[in-house]
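Asker: Below is a structure I'd like to ask you about.
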Amino acid sequence: MSEGLNRLKFYNRDCWASFGGEAAADASIDAELGEIDRPVLLAAWTGRAPEKMKGRKLFIVARDDAMDDGPGLPKIRANYEKAEGPKELIILNGSAHAQFIFATVQGIDCCARFCGSYYSPKPSN
């Protein structure tokens, strides 16, 4: 008898969250349809083809988040615009990067939106 895994959630707990976010985006691009259904890019983007990402995509970034190579928002917005729906872009006030967003007042609202609507169960038929 063999049992298989039918659902997996993975999160990047590394302090370099944008690297983990890019890896998640790239995994979504490489995945077969249905393998990754709700990628979340937290202050991250892919340098590949965002229009090939699968599932319901959520992009979260602080407006003034700056990376080593400049502001992150233009790159993240460009990925969002190229990605096919369903998708959502949450731009928060402030400059907190990645997981540090959740330590801010805006992070509380973001978490409520993220947990309340984005991860609500799919309606049953």
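The values are calculated or read from the model by the stated rules, or taken from the named source; none is laboratory data. It should be emphasised that the depicted structure is a prediction, and the values quoted were computed from it without experimental measurement. When we count neighbours, we look across all protein chains shown, and the Cβ atoms used for this are built from the backbone with ideal geometry, even at glycine.
Asker: Please go through the stretch 89-115 and give me each residue that is farther than 12 Å from residue 42 by Cα and touching a Ser or Thr at 6+ places or on another chain (Cβ under 9 Å), ordered by number.
Answerer: Within the stretch 89-115, 93, 94 qualify.
Residue by residue, here is whether (1) in contact with a Cys (Cβ under 8 Å, 6 or more places away or on another chain); (2) small (Gly, Ala, Ser); (3) at pLDDT 90 or above holds:
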residue: 39; (1), (2), (3): no, no, no
residue: 46; (1), (2), (3): no, no, yes
residue: 67; (1), (2), (3): no, no, no
residue: 82; (1), (2), (3): no, no, yes
residue: 97; (1), (2), (3): no, no, no
residue: 102; (1), (2), (3): yes, no, no
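Asker: Something else about it: Got a number for residues in the stretch 62-94 being loosely packed, with under 15 Cβ neighbours inside 10 Å and among the small types (Gly, Ala, Ser)?
Answerer: 4
Asker: Then there is this: Could you tell me which numbered condition residue 33 fails, if it satisfies all but one of (1) part of a loop (DSSP other than H, G, I, E, B); (2) modelled with pLDDT of 85 or more; (3) in contact with a helix residue (DSSP H, G or I) (Cβ under 9 Å, 6 or more places away or on another chain)?
Answerer: So the condition that residue 33 fails would be (3).
Asker: So which residues in the stretch 19-51 are polar (S, T, N, Q) and either in contact with a strand residue (DSSP E or B) (Cβ under 7 Å, 6 or more places away or on another chain) or over 25 Å from residue 65 (Cα atoms) (or both), if there are any at all?
Answerer: Let us first name the residues in the stretch 19-51 that are polar (S, T, N, Q), namely 28, 46.
Correct list: empty.
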